[in-house]
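Asker: Let me begin by handing over the structure; questions about it come next.
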């Protein structure tokens with residue numbers, strides 16, 4: 001809406017800043033990769049210590065999937081690509097705040 005007293009003034013607009021929801025890096029269970037191999041990949045790609053890598057591997061094994069990382073889309077895409085290069089079933093999903 002423009003200022004009626006000054007026709008040359010720039011119009012005042014309202015902008016909404018959309019909060020970017022984080023992206024999730026998810027690994028799904030597969031019948032191919034051995035558990036210790038999956039632990040090794042998690043340690044190399046994410047720098048996880050042995051305990052954290054095993055925790056995520058067990059989630060994948062027992063629950064069928066594990067969320068390994070959450071954050072900006074570009075970094076999430078990079079992680080998914082790296083995991084897929086190691087032949088893991090990885091995908092990217094927007095965090096809907098479940």
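The values are calculated or read from the model by the stated rules, or taken from the named source; none is laboratory data. Keep in mind it's a predicted model, so treat the numbers as computed, not measured. Heads up, the Cβs are rebuilt from the backbone with ideal geometry, glycines too, and the neighbour counts pull from every protein chain shown.
Asker: Count, please, the residues in region 43-59 that happen to be touching a helix residue (DSSP H, G or I) at 6+ places or on another chain (Cβ under 9 Å) and either assigned to a loop (DSSP other than H, G, I, E, B) or closer than 17 Å to residue 82 by Cα (or both).
Answerer: Counting residues in region 43-59 that are touching a helix residue (DSSP H, G or I) at 6+ places or on another chain (Cβ under 9 Å) and either assigned to a loop (DSSP other than H, G, I, E, B) or closer than 17 Å to residue 82 by Cα (or both) gives 9.
Asker: Follow-up. Search region 19-31 for residues that are part of a loop (DSSP other than H, G, I, E, B) and pair each with any residue that is modelled with pLDDT of 95 or more and crowded, with 20+ Cβ neighbours inside 10 Å when their beta-carbon atoms are under 6 Å apart and the residues are at least 6 apart or on different chains.
Answerer: Sorted first by the residue in region 19-31, then by its partner, the pairs are 29/60.
Asker: Which residue is modelled with the lowest pLDDT, if the candidates are limited to region 83-98 and must be closer than 18 Å to residue 20 by Cα and touching a strand residue (DSSP E or B) at 6+ places or on another chain (Cβ under 8 Å)?
Answerer: 95
Asker: Only one of these is modelled with pLDDT of 95 or more and either outside any helix (DSSP H, G or I) or over 24 Å from residue 20 (Cα atoms) (or both): 67, 80. Name it.
Answerer: Matching residue, one of 67, 80: 67.
Asker: Pick out the one residue from 39, 25, 45 that is at pLDDT 75 or above, surrounded by 12 or more Cβ atoms within 10 Å (Cβ to Cβ) and more than 17 Å from the chain's Cα centre (by Cα).
Answerer: Unique residue meeting the criteria: 39.
Asker: Checking residue 40 against (1) free of Cβ contacts under 8 Å to residues at least 24 places away in the same chain; (2) assigned to a loop (DSSP other than H, G, I, E, B), which test does it fail?
Answerer: Here residue 40 clears every test but (2).
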